[in-house]
Amino acid sequence: MKNVQKNILIIIILVIIVGLGVYFINKNNPVADNPIPDIEYVYALSDFPDSSQDDAEYNQTLVDRLNKNYDLLKNNEALSEYDVWIEIGNIKQGLIDFEGALEAWHYATVLNDISPLAYANIANYYKLFAQDREQAEEYYKIVVTKDNIGYFFDYLSYAELYFFEPHKDLYKAELILLTGADKAQGVSDRQVRYYLYLYDMWIDENDQNKIDVYKAKILELYPNYNFENPNL
């Protein structure tokens, strides 16, 4: 009897161990949270009732592009599945299918968790369409941690969260833009965009000290820059 109880106890312990193993595997596996979306369905314009009826002809071209992308996936002809899912998300957003767009971009992050592009699209959605500032900020934070080239528009989009009341904080916006400028270091035409923007921003705020700082930074990169007649 004792042996039976002992064996039962061992079985229970093994079941618990296996269960915990499965839990932690799934917990750290993004595919578990973002399973591959359906690629078999063939879309029609009627599947997007919220898209503009005034642009039906253009919207039909979007639907055709959407189905073409799914065909690439079904036939294993995509040069980059990541890029295809990015475009699927972009097209669905254009057709006012935000749920479908998010699904595609989230799955793109499963395929490539290094690139910031899908995260930037999600952040822009929450900022511009859902107007969910907190979610937008969370995704922009991910974007800047993954970016390593200083892509200007991602940092500008993030900084814009701090341009207006009630969340206006131009020093926080400046810090975000300077982070991008640091990552763009060594590429003058990319880096100077940040300094030009900050220069103009502080002109609007009439902060002469800041104006002088960024004027000097611009001249370091482009000594002959004409502030009266910008050529960049």
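Brief remarks follow.
- Any chance K217 is charged (D, E, K, R), within 23 Å of D147 (Cα to Cα) and open to solvent by less than 80 Å² (accessible area, probe 1.4 Å): yes
- From the list E134, E103, the lone residue that is open to solvent by 50 Å² or more (accessible area, probe 1.4 Å) and free of Cβ contacts under 8 Å to residues at least 12 places away in the same chain is E134.
- Test: residue in segment 50-64 that is within 18 Å of A104 (Cα to Cα) and either among the basic types (K, R) or exposed (fewer than 15 other Cβ atoms within 10 Å of the Cβ) (or both): yes
Rundown of residues vs (1) under 23 Å from D113 (Cα atoms); (2) part of a helix (DSSP H, G or I); (3) modelled with pLDDT under 95, yes/no style:
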{"residue": "G21", "(1), (2), (3)": "no, yes, yes"}
{"residue": "K68", "(1), (2), (3)": "no, yes, no"}
{"residue": "D71", "(1), (2), (3)": "no, yes, no"}
{"residue": "A78", "(1), (2), (3)": "yes, no, yes"}
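- Residue in segment 157-169 that is most open to solvent (accessible area, probe 1.4 Å), counting only those that are among the hydrophobic types (A, V, I, L, M, F, W, C) and touching a Lys or Arg at 6+ places or on another chain (Cβ under 9 Å): L161
- Among residues of segment 195-212, those that are free of Cβ contacts under 8 Å to residues at least 12 places away in the same chain and within 15 Å of A173 (Cβ to Cβ), counted: 4
- Comparison of K210, K183 shows that the only residue that is farther than 21 Å from S157 by Cβ, of a type outside the set (D, E) and buried (at least 16 other Cβ atoms within 10 Å of the Cβ) is K210.
Every residue, every condition in (1) over 30 Å from E57 (Cβ atoms); (2) out of contact with any Gly (no Cβ under 6 Å at 6 or more places or on another chain); (3) of a type in the set (F, W, Y), yes or no:
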{"residue": "I86", "(1), (2), (3)": "no, yes, no"}
{"residue": "I91", "(1), (2), (3)": "no, yes, no"}
{"residue": "I96", "(1), (2), (3)": "no, yes, no"}
{"residue": "L111", "(1), (2), (3)": "yes, yes, no"}
{"residue": "F129", "(1), (2), (3)": "no, yes, yes"}
{"residue": "F163", "(1), (2), (3)": "yes, yes, yes"}
{"residue": "V187", "(1), (2), (3)": "yes, yes, no"}
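- Every test in (1) open to solvent by 30 Å² or more (accessible area, probe 1.4 Å); (2) within 22 Å of Y151 (Cα to Cα) is passed by I122 save one, and that test is (1).
- Inclusion of I36 among residues that are surrounded by 12 or more Cβ atoms within 10 Å (Cβ to Cβ), at pLDDT below 95 and either not in a helix (DSSP H, G or I) or not polar (S, T, N, Q) (or both) is warranted.
Listed here are the residues, each with its yes/no results for (1) assigned to a helix (DSSP H, G or I); (2) at pLDDT below 95; (3) closer than 18 Å to L117 by Cβ.
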| position | (1), (2), (3) |
| --- | --- |
| A136 | yes, no, yes |
| V144 | yes, no, yes |
| A173 | yes, no, no |
| D182 | yes, no, no |
| R193 | yes, no, no |
| Y199 | yes, no, no |
| W202 | yes, no, no |
| P230 | no, yes, no |
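The values are calculated or read from the model by the stated rules, or taken from the named source; none is laboratory data. Treat the numbers as computed from the prediction; the structure is a model and nothing was measured. Cβ atoms come from the backbone with ideal geometry, glycine included; neighbour counts cover every protein chain shown. The protein model used for the area step is the full one, side chains on, heavy atoms only, and it has no ligands, DNA or RNA in it. Shrake-Rupley method; radii C 1.70, N 1.55, O 1.52, S 1.80 Å.
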